[in-house]
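First comes the structure, then the notes that go with it.
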């Protein structure tokens, strides 16, 4: 496919669909983990829920690295600069390895403190640490996979990563019960088994994508010179990835703040909320696929100075996303009880989860606006705008909602409504800002500064 010439709506569908399918299996991967945790005990499900904001540090880092690599490599491809393309690819790998070492240290050193902040019982904290210690020990595996994938995404190839995520999903279904409950000579590991299964499936993905990359035409042109560290490329990757990494990782802060308030109602309420949140991630898959599409399309067309195609890509993705999320919201609202019942038959867990799901469906279109606006700025190499947007949504809003709820001593459902309405208001403001930015910067032939 040609991201610079092909029909925009067709391009968006071609890139977004395989990306959405891949992300579907990545999210179902986490849903499977929650399902098996629920089979261990409600406490194990709560532990996995509270582990998520800690685990999200790895997710945020992976997103930051892959988005930076995709954007910078994509711009270089759009400029037809093969030297820059290959340098950005090799330096993305070096950068990912350095960051993974830092992430491993942070995770192993401070996970215990984060569990304490969330007012966690001793049993749930012990189970959570069993999971996070293993996951962080293998963080380099997660990050290397997305480093290799950044080149493929920049070329518009989302199918390879999709296939890897599908494979990982089925491996997870196979490996989870083996390592959780034991099989033949493999001892029962409980919550530790969920983490071990995750690392094994990720390592298999790493091997596969490594050999895929070796057969890439651009990679075959690599010489020893491209493996010599160059400060300029590290600097650009840092300033492109860190805003995204910090802002996406801020989602873990938002998740933690919500968990603190939910935790007042007990560990079972946390388990229900965690199950509901994981299912919402499934519903967001089409939006994330569209986000991947516009980053790739906008990045190349910005490099080629095709500004009209940038606007067309943004509005096309926004239209598709809002339409899909309205339909998804109606379905989730009607089936909320059954959805949470998949994870647990505990009545308190089900009630907490279903209430959260039903309330959040009203914010589904707002989530679309939020992700599309961020993808728009990332494609334009305006990562600082995306960072500001994420920090407001994931840092400022949760604090405002939390202290408002504490001040008025509201019920758990009222707290969920506060969070929903704040997202709707903020996304509306963000959309207005993007429309202003478009009118000011993309109605002329000069470059965006």
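The values are calculated or read from the model by the stated rules, or taken from the named source; none is laboratory data. None of these values were measured; they are calculated from a predicted model. Every residue, glycine among them, receives a Cβ derived from its backbone with ideal geometry; neighbour counts consider all protein chains shown.
Candidates are the residues of segment 393-415 that are touching a residue at least 24 places away in the same chain (Cβ under 8 Å) and surrounded by fewer than 16 Cβ atoms within 10 Å (Cβ to Cβ); the one that is nearest to residue 349 (Cα to Cα) is 413. Taking each residue of segment 163-183 that is at positive phi and without any contact (Cβ under 8 Å) to a residue 40 or more places away in the chain and looking for partners that are exposed (fewer than 15 other Cβ atoms within 10 Å of the Cβ) and not in a helix (DSSP H, G or I) with beta-carbon atoms closer than 8 Å, six or more apart or interchain, yields 182/188. Answer with yes or no whether residue 362 is at pLDDT 90 or above, over 30 Å from residue 10 (Cβ atoms) and either surrounded by fewer than 21 Cβ atoms within 10 Å (Cβ to Cβ) or over 20 Å from the mean Cα position of the chain (by Cα) (or both). When the stated conditions are applied, residue 362 passes them.
Among the residues of this structure, residue 145 does not count as one that is crowded, with 18+ Cβ neighbours inside 10 Å, out of contact with any strand residue (DSSP E or B) (no Cβ under 8 Å at 6 or more places or on another chain), more than 27 Å from residue 14 (Cβ to Cβ) and in contact (Cβ under 8 Å) with a residue 12 or more places away in the chain.
For residue 378, indicate whether it is touching a helix residue (DSSP H, G or I) at 6+ places or on another chain (Cβ under 6 Å), at pLDDT below 85 and part of a helix (DSSP H, G or I). Taking the combined requirement at face value, the residue satisfies it. Would it be correct to say that residue 80 is free of Cβ contacts under 8 Å to residues at least 12 places away in the same chain and not in a helix (DSSP H, G or I)? Criteria met by residue 80.
Based on what the data block shows, is residue 102 in a helix (DSSP H, G or I) and in contact (Cβ under 8 Å) with a residue 12 or more places away in the chain?
No; evaluated as a whole, the condition is false for this residue.
Residues that are touching a helix residue (DSSP H, G or I) at 6+ places or on another chain (Cβ under 8 Å) and without any contact (Cβ under 8 Å) to a residue 24 or more places away in the chain within segment 83-99 comprise just one, 84.
Just need a number here: residues in segment 237-255 that are modelled with pLDDT of 80 or more and over 12 Å from residue 64 (Cα atoms). Count: 1. Regarding segment 23-32, can at least one residue be identified that is in contact (Cβ under 8 Å) with a residue 60 or more places away in the chain, crowded, with 24+ Cβ neighbours inside 10 Å and more than 22 Å from residue 255 (Cα to Cα)? No, the conditions are met nowhere in segment 23-32.
Please specify each residue of segment 333-343 satisfying the condition of being more than 19 Å from residue 38 (Cβ to Cβ) and touching a residue at least 12 places away in the same chain (Cβ under 8 Å).
Listed by number, the list holds a single entry, 333.
Within segment 340-352, at least one residue is at negative phi, in a loop (DSSP other than H, G, I, E, B) and surrounded by 20 or more Cβ atoms within 10 Å (Cβ to Cβ).
Looking at 94, 35, 52, 56, just one residue is within 16 Å of the chain's Cα centre (by Cα), surrounded by fewer than 23 Cβ atoms within 10 Å (Cβ to Cβ) and in a helix (DSSP H, G or I), and that residue is 56.
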